[in-house]
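See below for the structure under consideration.
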Amino acid sequence: NDKKMRQIYQQIRNVATYEYPVHIQGDTGTGKELVAKALHNESKRKNKSFIPINCGAIPSNLVESELFGHVKGSFTGAIKDKAGRFELAEGGTVFLDEVADLPKSTQVKLLRFLQEGTFEKVGDSKTIKSNVWVVSATNLDLKDEIKQGHFREDLYYRLNVIPIILPLLKSRKNDIPLLCNHFLEKIGGENHQRQFSISNDAMSHLMDYTWPGNVRELENAIRFGIVRCQNNTILPADLPMEITQKIESVKKSSPSEKLNKQSVQEALEITSGNKVKAAKLLGVGRATLYRFFDNHPEL
């Protein structure tokens, strides 16, 4: 329900009509592949193949072959002709996840494909024309990768025709209860339609946590809690230790320790910068916290 996510949903519907190259940027666990699948499913290609490729998981010497295929004898171990992912995805969508990990030599071939819609298999001179929609993603800033000489600038502009930037979970915390309910239903279905729930105290912990692993970490926390819980209800003690420890470390500060730079910074991180909530978490009045900020303008 978060406004930022509703804007992304609308963007997906708009972009899917035109099928320009889309680049999805977001931290690990924000749902980049889910957005790519949604783009595919909203497009006229929805009845064709959706082929995800984790560019960082393929050995650099095999990336070109995986993407574009090879012919028999083109290199050691090429004992027969092989179709690449772009050929297999004909008429559909190729999702290039962690595209920043592509070797420079493969970046050149990808650039040519985006420009002309053609490629050659490794070891072959025959040019193949292909109709594939390319969606890419990374958790890195490609502009920084360009500055460091790791990524081609011309390829960046070809891939980044339509940018979609996914928000961190901690910046849309009002969606946490909705996501939890979704995961509870999903996991309940996996476990013979069992019904699970989360206690109010446990939900409070989930709302206060900063979620460095984003939505994927939240789903893992729910799975962990389901394994630990009794009577199908997740309590605070059933949550992963890193969630409860981070919050308790702030709540248990003694009065003399409550207002120091470290505790205040931790409270602000947990509350996503909300000073009113931070004061409540620290156990002090708002006026007390504001006076602390007046004395520490660097915060």
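List of remarks:
- Verdict on F224 being at pLDDT 90 or above, surrounded by 20 or more Cβ atoms within 10 Å (Cβ to Cβ) and not aliphatic (A, V, I, L, M): no
- Whenever a residue of the range 76-97 is at positive phi, its partners that are among the polar types (S, T, N, Q), lying with C-beta atoms within less than 6 angstrom and at least six residues away or across chains, give the pairs G91/N131.
- In the range 151-183, of all residues being in contact with a Lys or Arg (Cβ under 8 Å, 6 or more places away or on another chain) and not in a helix (DSSP H, G or I), the one that is farthest from I270 (Cα to Cα) corresponds to R152.
- Taking the range 116-127 as the range and being open to solvent by 30 Å² or more (accessible area, probe 1.4 Å) and touching a Lys or Arg at 6+ places or on another chain (Cβ under 7 Å) as the test, only E120 passes.
- Pairs with Cβ under 8 Å, 6+ apart, first in the range 15-27 and touching a residue at least 60 places away in the same chain (Cβ under 8 Å), second open to solvent by less than 30 Å² (accessible area, probe 1.4 Å) and assigned to a loop (DSSP other than H, G, I, E, B): E19/S43; E19/R45; I24/L166; Q25/L166; G26/L166; G26/P167; D27/L166
- Among (1) of a type in the set (S, T, Y); (2) surrounded by fewer than 15 Cβ atoms within 10 Å (Cβ to Cβ); (3) part of a strand (DSSP E or B) - the single one S136 does not satisfy: (2)
- Flag for K186 being under 23 Å from N1 (Cβ atoms) and either assigned to a loop (DSSP other than H, G, I, E, B) or in contact (Cβ under 8 Å) with a residue 24 or more places away in the chain (or both): no
- For the range 191-234, the tally of residues that are among the hydrophobic types (A, V, I, L, M, F, W, C) and over 28 Å from N274 (Cβ atoms) stands at 4.
- Being touching a helix residue (DSSP H, G or I) at 6+ places or on another chain (Cβ under 6 Å) and either within 30 Å of T76 (Cα to Cα) or exposed (fewer than 12 other Cβ atoms within 10 Å of the Cβ) (or both) is a description that applies to L155.
A quick yes/no check of all residues on (1) at pLDDT below 95; (2) of a type outside the set (D, E); (3) open to solvent by 70 Å² or more (accessible area, probe 1.4 Å):
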position: V22; (1), (2), (3): no, yes, no
position: G26; (1), (2), (3): no, yes, no
position: K32; (1), (2), (3): no, yes, no
position: N41; (1), (2), (3): no, yes, yes
position: R45; (1), (2), (3): no, yes, no
position: F50; (1), (2), (3): no, yes, no
position: I53; (1), (2), (3): no, yes, no
position: S60; (1), (2), (3): yes, yes, yes
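- Applying the criterion of being under 14 Å from H205 (Cα atoms) and open to solvent by 40 Å² or more (accessible area, probe 1.4 Å) to the residues of the range 243-268, the residue that is modelled with the lowest pLDDT is K251.
The values are calculated or read from the model by the stated rules, or taken from the named source; none is laboratory data. None of these values were measured; they are calculated from a predicted model. Cβ atoms come from the backbone with ideal geometry, glycine included; neighbour counts cover every protein chain shown. Calculation scope for accessible area: heavy atoms of the full protein, side chains included, ligands and nucleic acids excluded. Shrake-Rupley method; radii C 1.70, N 1.55, O 1.52, S 1.80 Å.
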